[in-house]
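Below is one structure, written out as structure tokens; comments come after it.
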Amino acid sequence: MMIVLFTDFGADDIYVGQIHAVLAEQAPGITVIDLLHSAPAYDVVSSAYLLNALHTRFPPQSVFMTVVDPGVGGARAPLMVKADDRWFVAPDNGLLTGVIRNASKLTANKVLWTPPDMSPSFHGRDLFAPVAAMLASGVTPEHEVKAPVLLEWIASLNRIIYIDHFGNAITGIQADAISKQDRVSVGDCAIGYARVFSEKENGELFWYVNSIGLVEIAANQARAEEILDLHIGDSIRIVSA
Amino acid sequence: MMIVLFTDFGADDIYVGQIHAVLAEQAPGITVIDLLHSAPAYDVVSSAYLLNALHTRFPPQSVFMTVVDPGVGGARAPLMVKADDRWFVAPDNGLLTGVIRNASKLTANKVLWTPPDMSPSFHGRDLFAPVAAMLASGVTPEHEVKAPVLLEWIASLNRIIYIDHFGNAITGIQADAISKQDRVSVGDCAIGYARVFSEKENGELFWYVNSIGLVEIAANQARAEEILDLHIGDSIRIVSA
Amino acid sequence: MMIVLFTDFGADDIYVGQIHAVLAEQAPGITVIDLLHSAPAYDVVSSAYLLNALHTRFPPQSVFMTVVDPGVGGARAPLMVKADDRWFVAPDNGLLTGVIRNASKLTANKVLWTPPDMSPSFHGRDLFAPVAAMLASGVTPEHEVKAPVLLEWIASLNRIIYIDHFGNAITGIQADAISKQDRVSVGDCAIGYARVFSEKENGELFWYVNSIGLVEIAANQARAEEILDLHIGDSIRIVSA
């Protein structure tokens, strides 16, 4: 059993520590994993694809608290979803679309429980963390059935969804949607495949299937992001051989 | 019981891990919360206001290790303060001014205990962490009464004290020092109130009462810091309606 | 007993959380310390000197997982080394040179165990973390004796090996290789000694012996990195008095 955090709150900022304090008080003894706090800020679509690629490696019974929530304090509902034995607590804004689309077993509910004192802007701390703590402790908060908001979704997305601190650009393209003979094209540049970094000269660009099953654009010991001026949201074309 | 870390040591640097190792050895089994490691570097005044706004949410018996310490290795004393049942271990440079001013119960002491081997520049690891571990373990290090150094202090400070990774600027202005009809002025720009981000168009500036009770200048899905060229220390004016 | 992580994976990225999840599953109850995730990227030499300076403070029986691994997925072997009662799991690329050179007791082996499912690019998660979990749990993975790859090594290296988030530049120069009367020279600038930051005026440059026994170039409450345009890999000269 573990609580897994996936947010855009930033690892080195004032938010995550407050969430950890709530979880330590309300779910004592439960392991908390900081999976990601640099999810693309406000970007629900990119974050949904990234979460979809990351979550399947976690054990059943894991409780995910996933918060990329530009609508916090507005009309969007809080959601608790059970997908293939993993729990997800999230704003109902489409962030769970991939998780839901790929689940073979699913229950989705709106959370009705509310804390006695809730800030308008930090539901991560005040609402989602307590609900995650309850679920991890075997307590079911008050809820009602709700059809979750779903994004338009295609299994393999030809777009950059994340840039890591090495300057590598992760796309939404699934490994099985591309052949190793294909080139990946961004702007004017068509890039060939390599299995790993060390097959290329330093500074040379390539694409490869990364450790979460997605096509990634990289350069050996250099920043593909800077070489190609890449940004989250940029379109990618697959050029077949 | 938890040990709470508040420093300017940086979350992704060589310092915090060494502190965690000391705490794991000397206070085994005690939960350690990384509240903040990006406190404004060397800036005792801004950090004191930020700590003041953050600490009250933590449970009684929490032991805070708070280190923003430009005078490390010099004449300033190490301090251990009990304020309303929470412990604080800190350099005696005014960092605890807000904590002390707002405590209804207070004892303040200089720490006399010293470690067998202390570096001149990393008292966080060598002195403050072991003292925090002792206090969390119910051991009282050798000490003597001392009147702590206090900064000039006003309850509500018209100044930017922190900028978060979203580019939002947190001020020292308390929610009860301002009316929702007031505008907040920085440079040539006077900014109106919104309850939450989603009430505004993308890129539109506003101020709101943030989740730790302070006035914050933000823009919906954009960086207020860049739009207004804001910096920690900038003065803010409240323009009454 | 603790598992200590030293990598260039970045603290605020998608990698470290996945490693923590593996360790939580495979070595439950063992404390995991994030010593450093901003080791100089791809830079095995600088990282080796930094690891050498950092590791001696950790208790015997600690299990280090140290990964700076530009050759991941290529021919380099995975290594498990026991040096003075501490375990090290690492790529066999010279990263452990300092650890090995300074050990009085040493066993070095190639790891033969492989996971059922291993990505080509993230051995940190798929291979090194499971091996670290085994060693921390008292299980010895399959292995065979191997002479580890060693870098050219001098005890005290006149080069910048790390720049911290304050903008201080850590060199590979050992404290006992320099006199406090010496000046440290970088580019055109020769810099004198100070014991601690607060002995200098704000903005003034100095060198000092830092908390891990290395010469460090700093400026009081300012960024030496920016003042002197310093980079990892820059050469340093010691100018004797």
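Determine whether segment C:217-232 contains at least one residue that is farther than 24 Å from residue B:11 by Cα and modelled with pLDDT of 95 or more. Scanning segment C:217-232, I find at least one residue that is farther than 24 Å from residue B:11 by Cα and modelled with pLDDT of 95 or more, so the answer is yes. Any residue at all in segment A:199-213 that's more than 26 Å from residue C:76 (Cβ to Cβ), of a type in the set (A, V, I, L, M, F, W, C) and not assigned by TED's automatic domain parsing to the domain that holds residue A:116? No, segment A:199-213 contains no residue that is more than 26 Å from residue C:76 (Cβ to Cβ), of a type in the set (A, V, I, L, M, F, W, C) and not assigned by TED's automatic domain parsing to the domain that holds residue A:116.
Of everything listed in (1) at the interface with another protein chain (Cβ under 9 Å from one of its Cβ atoms); (2) at pLDDT 95 or above; (3) within 23 Å of residue B:15 (Cα to Cα), the single unmet condition for residue C:45 is (1). Please determine whether any residue of segment A:69-89 is in contact with a Gly (Cβ under 7 Å, 6 or more places away or on another chain), at pLDDT 95 or above and crowded, with 23+ Cβ neighbours inside 10 Å. For segment A:69-89, residues in contact with a Gly (Cβ under 7 Å, 6 or more places away or on another chain), at pLDDT 95 or above and crowded, with 23+ Cβ neighbours inside 10 Å: absent.
Residue-by-condition table, conditions (1) over 27 Å from residue A:7 (Cβ atoms); (2) of a type outside the set (Asp, Glu):
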{"residue": "C:16", "(1), (2)": "no, yes"}
{"residue": "C:29", "(1), (2)": "no, yes"}
{"residue": "C:51", "(1), (2)": "yes, yes"}
{"residue": "C:55", "(1), (2)": "yes, yes"}
{"residue": "C:69", "(1), (2)": "yes, no"}
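Answer yes or no as to whether residue A:35 is in contact with an Asp or Glu (Cβ under 6 Å, 6 or more places away or on another chain), buried (at least 22 other Cβ atoms within 10 Å of the Cβ) and not β-branched (Val, Ile, Thr). Judged against the criteria, residue A:35 is not a match. Which of the residues that make up segment B:77-114 are within 12 Å of chain C (Cβ to nearest Cβ) and out of contact with any helix residue (DSSP H, G or I) (no Cβ under 6 Å at 6 or more places or on another chain)? Within segment B:77-114, B:91 is the sole residue that qualifies. Could you check segment C:213-235 and list, in sequence order, the residues that are surrounded by fewer than 21 Cβ atoms within 10 Å (Cβ to Cβ) and of a type in the set (Val, Ile, Thr)? Across segment C:213-235, the qualifying residues are C:227, C:232. Within segment A:96-114, the set of residues being buried (at least 18 other Cβ atoms within 10 Å of the Cβ) and within 30 Å of residue A:156 (Cβ to Cβ) comprises A:96, A:97, A:98, A:99, A:100, A:103, A:108, A:109.
Only residues that are touching a strand residue (DSSP E or B) at 6+ places or on another chain (Cβ under 8 Å) and assigned to a helix (DSSP H, G or I) were counted across segment B:83-122, and they come to 2.
Residue by residue, here is whether (1) assigned to a loop (DSSP other than H, G, I, E, B); (2) in contact with a Ser or Thr (Cβ under 6 Å, 6 or more places away or on another chain); (3) not aliphatic (A, V, I, L, M) holds:
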site	(1), (2), (3)
B:131	no, no, no
B:134	no, no, no
B:150	yes, yes, no
B:162	no, no, yes
B:170	no, no, no
B:176	no, no, yes
B:181	yes, no, yes
B:190	no, no, no
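Of all residues in segment B:155-167, those that are within 20 Å of residue A:13 (Cβ to Cβ) have Cβ atoms under 6 Å from Cβ atoms of residues that are part of a strand (DSSP E or B), 6 or more apart or on another chain, in B:159/B:172; B:159/B:235; B:160/B:169; B:160/B:171; B:161/B:170; B:161/B:172; B:162/B:170; B:163/B:169. The residues in segment B:1-32 that are under 20 Å from residue A:16 (Cβ atoms), more than 10 Å from chain C (Cβ to nearest Cβ) and either touching an Asp or Glu at 6+ places or on another chain (Cβ under 8 Å) or in contact (Cβ under 8 Å) with a residue 40 or more places away in the chain (or both) can be counted, and the count is 7. Does residue C:51 count as in contact (Cβ under 8 Å) with a residue 40 or more places away in the chain, touching a helix residue (DSSP H, G or I) at 6+ places or on another chain (Cβ under 7 Å), of a type in the set (A, V, I, L, M) and crowded, with 23+ Cβ neighbours inside 10 Å? It is true that residue C:51 is in contact (Cβ under 8 Å) with a residue 40 or more places away in the chain, touching a helix residue (DSSP H, G or I) at 6+ places or on another chain (Cβ under 7 Å), of a type in the set (A, V, I, L, M) and crowded, with 23+ Cβ neighbours inside 10 Å.
If you go through segment A:189-209 and keep only what is within 13 Å of chain C (Cβ to nearest Cβ) and in contact with a helix residue (DSSP H, G or I) (Cβ under 7 Å, 6 or more places away or on another chain), you end up with just A:209. Considering only residues in segment B:115-145 that are touching a Leu at 6+ places or on another chain (Cβ under 7 Å) and surrounded by fewer than 18 Cβ atoms within 10 Å (Cβ to Cβ), the one that is nearest to the other protein chains (Cβ to nearest Cβ) turns out to be B:118. Checking each residue in segment B:54-68 for being surrounded by 24 or more Cβ atoms within 10 Å (Cβ to Cβ) and β-branched (Val, Ile, Thr) picks out B:63, B:66, B:67, B:68. So, residue C:86, is that one basic (Lys, Arg) and under 30 Å from residue C:173 (Cβ atoms) or not? Yes.
If you go through segment A:210-240 and keep only what is in contact with a helix residue (DSSP H, G or I) (Cβ under 8 Å, 6 or more places away or on another chain) and either part of a helix (DSSP H, G or I) or under 20 Å from residue A:155 (Cβ atoms) (or both), you end up with A:211, A:212, A:213, A:214, A:215, A:217, A:232, A:233, A:238.
For segment A:39-54, state whether one or more residues are out of contact with any strand residue (DSSP E or B) (no Cβ under 7 Å at 6 or more places or on another chain), among the polar types (S, T, N, Q) and assigned to a loop (DSSP other than H, G, I, E, B). Within segment A:39-54, not a single residue is out of contact with any strand residue (DSSP E or B) (no Cβ under 7 Å at 6 or more places or on another chain), among the polar types (S, T, N, Q) and assigned to a loop (DSSP other than H, G, I, E, B).
Restricting attention to segment C:48-62, the residues being at pLDDT 95 or above and among the basic types (Lys, Arg) number 0.
Test residue C:212 against the stated conditions and say whether it is in contact (Cβ under 8 Å) with a residue 24 or more places away in the chain, within 14 Å of chain B (Cβ to nearest Cβ), under 20 Å from the mean Cα position of the chain (by Cα) and closer than 22 Å to residue C:6 by Cβ. Criteria met by residue C:212.
The values are calculated or read from the model by the stated rules, or taken from the named source; none is laboratory data. Computed from a predicted structure; not experimentally measured. Backbone-built Cβ (ideal geometry, glycine too); neighbour counts: all protein chains shown.
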